[in-house]
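The values are calculated or read from the model by the stated rules, or taken from the named source; none is laboratory data. None of the values given here were measured: they were computed from a predicted structure. When we count neighbours, we look across all protein chains shown, and the Cβ atoms used for this are built from the backbone with ideal geometry, even at glycine. Ligands, DNA and RNA are stripped out before the accessible areas are found, and what is left, the full protein with its side chains, is counted by its heavy atoms. Shrake-Rupley method; radii C 1.70, N 1.55, O 1.52, S 1.80 Å.
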Amino acid sequence: MKELPTIQLERLTLRPFDLKDAPVVKELAGDPYIAETTLYIPHPYEYGMAEEWIKTHAVNYHEGRSLELAIVHTVEQHIIGAICVGYNRKFDHGELAYWIGKAYKNNGYCTEAARGIISYAFEQLELNRVYARYLGKNPASGKVMEKLGMKYEGTLRQHVKKCGKYEDLIYYGLLKNEFYLETK
């Protein structure tokens, strides 16, 4: 069975999660800020959720559904967040998703990690398109998408319900040929 990849970037390493990482995941993802700015992370983030989530990664990768990796600060060797590309082989597209611990915001880490996994998605997974979405109340995520060269594709108004409140989802997309134009 093919191992999940490790992607070395300038300041970060994107590597597979290990069950030993669960306490850090619980601490970071358990921050109400993360739950508030992401669609699927709940609050409270209960004991055992991190372990169950980590156990799904190898299966998802080997069954061709997604690549989920830890975002690790290379020098300090601590996890600062998570990044994923879920993909559909039939259509050769994937959805980018990420979160960064509140203490690590505004350092360009999210953009660096996203650029790294998008490059992997286009080169190794041979996807043609990567898209991403964010909750309307989290425009910082949209700024990351713009820095990656993603194009605004539309807003689905009050499309989801989070914590009892209807939220807009804003979509961005990037084609393989656009990504290579951006990085030159």
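Here are the numbers for the structure shown:
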item: Selection count, segment 145-184, where residues are touching a Lys or Arg at 6+ places or on another chain (Cβ under 9 Å), β-branched (Val, Ile, Thr) and at pLDDT 95 or above; result: 1
item: Breaking point among (1) free of Cβ contacts under 8 Å to residues at least 40 places away in the same chain; (2) within 18 Å of Glu3 (Cβ to Cβ), for Glu68; result: (1)
item: Matching residues in segment 104-130 - criterion: being touching a strand residue (DSSP E or B) at 6+ places or on another chain (Cβ under 8 Å) and open to solvent by 50 Å² or more (accessible area, probe 1.4 Å); result: Tyr104, Asn128, Arg129
item: When residues of segment 38-73 are limited to those that are at pLDDT below 95 and β-branched (Val, Ile, Thr), the one surrounded by the most Cβ atoms within 10 Å (Cβ to Cβ); result: Thr38
item: Identity of the residue in segment 19-37, charged (D, E, K, R) and part of a helix (DSSP H, G or I), that ends up least open to solvent (accessible area, probe 1.4 Å); result: Asp21
item: In segment 5-18, the residues that are in a loop (DSSP other than H, G, I, E, B) and open to solvent by 30 Å² or more (accessible area, probe 1.4 Å); result: Thr6, Leu9, Glu10, Arg11, Pro16, Asp18
item: Contacts under 6 angstrom Cβ, first residue in segment 99-114 being modelled with pLDDT under 95, partner part of a loop (DSSP other than H, G, I, E, B), 6 or more apart; result: Lys102/Asp31
item: Filter result (in a strand (DSSP E or B), in contact with an Asp or Glu (Cβ under 6 Å, 6 or more places away or on another chain) and not basic (Lys, Arg)) within segment 138-157; result: Thr155
item: Odd one out for Tyr98, checked against (1) under 23 Å from Phe179 (Cα atoms); (2) touching a Leu at 6+ places or on another chain (Cβ under 8 Å); result: (2)
item: Residue among Leu96, Leu175 that is of a type in the set (A, V, I, L, M, F, W, C) and over 24 Å from His57 (Cβ atoms); result: Leu175
item: Identity of the residue in segment 161-184, in a helix (DSSP H, G or I) and open to solvent by less than 60 Å² (accessible area, probe 1.4 Å), that ends up farthest from Leu125 (Cα to Cα); result: Glu178
item: Single residue of segment 132-160 satisfying the filter (under 21 Å from Cys110 (Cα atoms) and of a type in the set (Lys, Arg)) that is least open to solvent (accessible area, probe 1.4 Å); result: Arg133
